[in-house]
Amino acid sequence: MAKENSRAVAEALNAVIQVLDQLDEKARTRVLNSVTIFFGHENSPPTARPSIAQPNSQHTSTRPAFSEDRAPSPKEFLFQKQPKTDVERIACLAFYLTHFREMPHFKTLDLAKLNTEAAQIKFSNAAYATDNATKAGYLALAAKGQKQITAWGEQFVTALPDREAALKLISEARKRRSARRKR
């Protein structure tokens, strides 16, 4: 009897996954919330994570769909964002540390270690790239010689890999900064 029950559970799970896989994320969430309410289960809100645009729909993660850890690996994240320069890569790494490692303040060494973990080409001079990212407005100074990602840096990384949209955001940020200086 237990074997029949486990088979029924597996078949039900398979059917639910197949149906939900056809829906977009918003509809899927709505259906899951409705089902949990219908069956009287406690519904806890999902933790807010920045959305990561998939470069193509054929890319599949090796992680199971029901895993609690929804964070992409640093390697996956950089692959998705496709930074073109060291400065952009620094901004992406800073974003990753802030949002997926809960590390809002970091040192250049932390960025370099994450870069190695992501299997990226080593920075020729990580401190120079970090300083340039700060000058570009992606990073700002924090306490004790640490850095933090700026709101503009977060918007830039979020817009990637759409390079045109990302660069448009930064050009608008520069216009606003120069307009304030003229006052």
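Quick notes on this structure:
- Cross-link partners of Lys175 among lysines, defined as those whose alpha carbon lies under 21 angstrom from its own and excluding same-chain residues fewer than eight positions apart: Lys135.
- The alpha-carbon of Lys81 sits under 19 angstrom from the alpha-carbons of these lysines, leaving out residues fewer than 8 places away in its chain: Lys113, Lys122, Lys168.
- Distance histogram in 10 Å bins (all Cα pairs of segment 94-151, percent per bin): 24, 60, 16
- The length gained on full extension between Asp162 and Lys175, counted as 0.36 nm times the residue separation minus their Cα-Cα distance, comes to 2.6 nm.
- A full extension of the chain between Gln22 and Ala140 corresponds to an added length of 38.3 nm, given 0.36 nm per residue minus the alpha carbon distance.
- Global geometry of segment 74-182, whether rounded, prolate or oblate, following the gyration tensor of its Cα atoms and the 1.5 cut on a/c: oblate
- Rounded to the nearest 20, the size of the Cβ-charge dipole of segment 74-182 about its Cα centre is 580 debye, with Lys and Arg at +1 and Asp and Glu at -1.
Only the coordinates and a few stated rules stand behind these numbers; no lab work does. Computed from a prediction, not measured in an experiment: that's the story for all the values here. Methodologically, a virtual Cβ is constructed for each residue, glycine included, from the backbone with ideal geometry; neighbour enumeration extends over all protein chains shown.
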